[in-house]
Amino acid sequence: MALYAADSDPTAVACAKDNIGPENVFQGDLFAALPAHLKGGVNVLIANVPYVATRHIPFLPAEARDHEPREALDGGDDGLDVFRAVLKEAGTWLAPGGILLSEITEAQINTATDVVRATALHPAIHIDEDLEATVVTATALNR
């Protein structure tokens with residue numbers, strides 16, 4: 001099993017190349033950056049997309065708000081714009097039984113699960129109280 005990574009930010013790509021190795025790290029927008037031979041064969045897809053609603057960015061801690069690129073934070077009106085874009089294509093990239101994981105906020109649970117259901121993937125929510133983290137998963141059922 002191989003690990004692949006893609007990001008649109010050149011700094012993130014350079015960091016990933018240092019950590020993973022240059023041969024499996026790609027720069028580009030979402031799935032467009034990935035090699036086509038991966039389509040339909042991805043077992044685990046981690047989508048670390050921006051999920052902060054635009055209107056909430058001023059309320060983020062200064063270390064995020066003032067030092068992270070805005071495109072790494074801003075998920076649009078409800079925070080799920082990029083998540084929606086990922087879900088539009090995720091089903092064609094996931095292997096049967098494959099799973100997508102993406103962090104969201106608790107306030108986004110209903111909308112995020114609706115987005116997953118609309119793509120014919122199976123949604124689930126996982127909350128870690130200790131880490132104050134909420135993750136939505138989207139599983140490709142065996143076809």
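Observations, loosely collected:
- The residues of region 88-142 that are outside any strand (DSSP E or B) and β-branched (Val, Ile, Thr), listed by number, are Thr92, Thr105, Ile109, Thr111, Thr113, Val115, Val116, Thr119.
- Remark: pairs (first residue in region 125-143, closer than 16 Å to Thr111 by Cα; second residue part of a loop (DSSP other than H, G, I, E, B); Cβ separation under 6 Å; 6+ apart in sequence or on different chains) = Ala138/Leu121.
- Screening region 128-140 for residues that are more than 16 Å from Ala85 (Cα to Cα) and surrounded by 12 or more Cβ atoms within 10 Å (Cβ to Cβ) and picking the one that is nearest to the chain's Cα centre (by Cα) gives Val135.
- Only listed residue being more than 20 Å from Val135 (Cβ to Cβ) and not assigned by TED's automatic domain parsing to the domain that holds Asn24, chosen from Asp66, Asp81: Asp66
- Flag if Val13 is in contact (Cβ under 8 Å) with a residue 24 or more places away in the chain and β-branched (Val, Ile, Thr): no
- The set of residues from region 16-43 being of a type in the set (D, E, K, R) and in contact (Cβ under 8 Å) with a residue 60 or more places away in the chain is empty.
One line per residue, one yes/no per condition, for (1) under 17 Å from Ala90 (Cα atoms); (2) of a type in the set (S, T, N, Q):
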residue: Asp7; (1), (2): yes, no
residue: Asp18; (1), (2): no, no
residue: Gly21; (1), (2): no, no
residue: Asn24; (1), (2): no, yes
residue: Gly28; (1), (2): yes, no
residue: Ala32; (1), (2): yes, no
residue: Pro35; (1), (2): yes, no
residue: Gly41; (1), (2): yes, no
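- Among the candidates Ile99, Ile104, Ile46, residue that is surrounded by fewer than 16 Cβ atoms within 10 Å (Cβ to Cβ), within 12 Å of the chain's Cα centre (by Cα) and touching a residue at least 40 places away in the same chain (Cβ under 8 Å): Ile46
- Restricting region 20-65 to residues that are polar (S, T, N, Q) and assigned to a strand (DSSP E or B) leaves a set whose member that is farthest from Ser8 (Cα to Cα) is Asn43.
The values are calculated or read from the model by the stated rules, or taken from the named source; none is laboratory data. Just so you know, these numbers come straight off a predicted model, no measurement behind them. Neighbour counts are summed over all protein chains in view; Cβ atoms, including those assigned to glycine, are modelled from backbone coordinates with ideal geometry.
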